[in-house]
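A quick write-up on the structure given underneath.
The values are calculated or read from the model by the stated rules, or taken from the named source; none is laboratory data. Treat the numbers as computed from the prediction; the structure is a model and nothing was measured. Glycine gets a Cβ as well: all are built from the backbone with ideal geometry, and neighbour counts include every protein chain shown. Surface accessibility is based on the protein's heavy atoms, side chains included, excluding ligands, DNA and RNA. Shrake-Rupley method; radii C 1.70, N 1.55, O 1.52, S 1.80 Å.
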Amino acid sequence: MFSTQVCCLKLEHEFEKNKILSEALQTLATEHHKLEQSVVKGSSSRSALSEDEFYDAVSESGSELSLSGFETVASHSFEEDEEEDEGSVMLSSIIMCYFRMSLPAPMFSRNDFSIWSILRNCIGMELSKITMPVIFNEPLSFLQRLAEYMEHTYLIHQANASSDPIERMKCVAAFAVSAVASQWERTGKPFNPLLGETYELVREDLGFRLLSEQVSHHPPVSAFHVEGLRQDFVFHGSIYPKLKFWGKSVEAEPKGTITLELPKHNEAYTWTNPTCCVHNIIVGQLWIEQYGNVELINHRTGEKCCLNFKPCGLFGKELHKVEGYIFDKSKKKLCALYGKWTECLYVVDPAAFEAHKKSDKKSGEERKTSKGGSGVDQEEVPSPAADTVEVIPGSQLLWRIAPRPANSTQMYSFTCFAMQLNELRKEMEGVIPQTDCRLRPDIRAMENGDIDLASEEKKRLEEKQRAARKNRSKSDEEWKTRWFQQGQNPHTRSQDWLFSGGYWDRKYGQLPDIY
């Protein structure tokens, strides 16, 4: 075993010798996973992952070495009271040595800027058509934001390893909830991608590679395609974020279908994300809620999982709550799911869940009668003290969010995973295409804390994009997407943007000059 200091020195000064370190990490990860599985209660009802299925071999190529996903494994726990073992501490230390754990500069205050002067004439309009000052952005493109779906990829691996379709549906449901967890307290707006902008993310530690492309500007459509490095899953979709301003809040409806395919089981799951709303954008403290119904469908078996992301409500009691059921094809309730998208997701027997709900409702009415009730403005910030989940006896924990770094508040409320998305390392130069988000100058300037340069570059890029569109219009030239093409989703039969291949051959050629 390497000491943390030795690992740091080797990663920083002897990167070309990473093969030995990779093997050490693989051993640590495997030991941690075995220990974790040994303490899971009722493990006989769950299919344990083999180390080959869960951990992909780290590449010997220094240009694509990725370690940060081990943090996700290390921080993931099936039991609330599980203690950290030596291996997980070691893994976290090594991650801190290799990947950055903070941005080059902290976020700047938005207190001196009035969004009301911009938005007061825009009520009911789509925000995608409104030019917003860069001060309200976060230093990530929307394409990079989409990559945050993959922070909890281990849930896909768990689904793939299970022989029981109901267990697979539980894992997929947990993955769908975890995909929006990174939005908690993220009040900054991601940069709108330029037409033709791309983003790639290779995570050999998590076992996937991702590509996204901005395939349309009006309406704005972002397409993404993720492949398991062992061809064990495909995750893809196209998102059309429809944003509207409603006085004191901004609502983002992520239109578009998401598809997860598990070839081993000949299964495909589809769903859509809930609506996200940012409150108090004019005055007061900003806060976020997700609401709406999400239906996950297993197109092979006919089983469904219906989740309700609950709106806050008058007293804030429902804030962040997620509840739902898994049904078989005859609509029989097989199990109940509950939790909060900011914290965790549990599964329990439907009868126990409904008995708990009935008891909770009765006690709530008694409290209301004894104390009396007064309405609360829904736009006020709900009390964080209420943001806990009461565990129903007999419940099984499906997913728990990884803790955020201590400096997250100063770093746009980013998770560790998010802080690494725009990191541009030397080994990427000459490998990623010129259209990659990491090379976008306005995002880079904002990340470095130069707000004036970021604003100038954002304006320049938008003007350049408009000029290019005018030139195409004059010559009757149509924009051609590079890596995706429109086609029919084979599972929903609806129109979708599908990956056309070729990107990973690294033969880019004649890429558009968008920056």
*Pull up all non-local amide H partners of Asp436: gap of 5 or more, or a different chain, and H-to-H distance under 5 Å with H placed in the peptide plane.*
Thr198
_Accessible area of segment 264-318 belonging to carbon and sulfur atoms, whole % at 1.4 Å probe_ = 54 percent
_Just to check, using Stokes-Einstein with a Kirkwood Rh over alpha carbon pairs, what's the diffusion coefficient of segment 470-515 at 25 °C and 0.890 mPa s in µm²/s?_
188 µm²/s
*Once you have the Kirkwood Rh of segment 282-369 from its Cα pairs, apply Stokes-Einstein at 20 °C and 1.002 mPa s and quote D in µm²/s.*
146 µm²/s
_Please list Tyr240, Tyr508 from largest to smallest accessible area, probe radius 1.4 Å, with all protein chains kept in place._
Tyr240, Tyr508
*For segment 408-515, what relative contact order do you get, as a whole percent, if you take Cα pairs closer than 8 Å and at least 6 residues apart?*
23 percent
*Round to the nearest 0.05 the FRET efficiency obtained for Trp504 and Met428 when R0 = 22 Å and r is the Cβ-Cβ distance.*
0.90
*Accessible-area value, His217, 1.4 Å probe, nucleic acids and ligands omitted, Å²*: 50 Å²
_Value of relative contact order over segment 404-468, rounded to a whole percent, pairs C-alpha under 8 Å and six or more apart_ = 17 percent
*Under the Karplus relation 6.51 cos²θ - 1.76 cosθ + 1.60, θ = phi - 60°, what is the ordered set of whole-Hz ³J(HN,Hα) values for segment 480-495, x standing for Gly and Pro?*
10, 5, 9, 10, 10, 9, 6, x, 8, 5, x, 9, 9, 6, 9, 5
*What is the set of long-range amide H partners of Leu140 at a cut-off below 5 Å, with H atoms built 1.01 Å from backbone N?*
Phe191
*What pairs from Lys189/Lys361; Lys244/Lys361; Lys248/Lys358; Lys331/Lys358; Lys317/Lys358; Lys248/Lys470 go past 26 Å between their alpha carbons?*
Lys189/Lys361; Lys244/Lys361; Lys248/Lys358; Lys248/Lys470
*In what sequence, highest mean first, do 152-163, 272-283, 477-488 appear when ranked by Cβ atoms within 10 angstrom?*
152-163, 272-283, 477-488
_Measure of compaction for segment 240-289 (Cα Rg per 2.2 N^0.38 Å)_ = 1.66
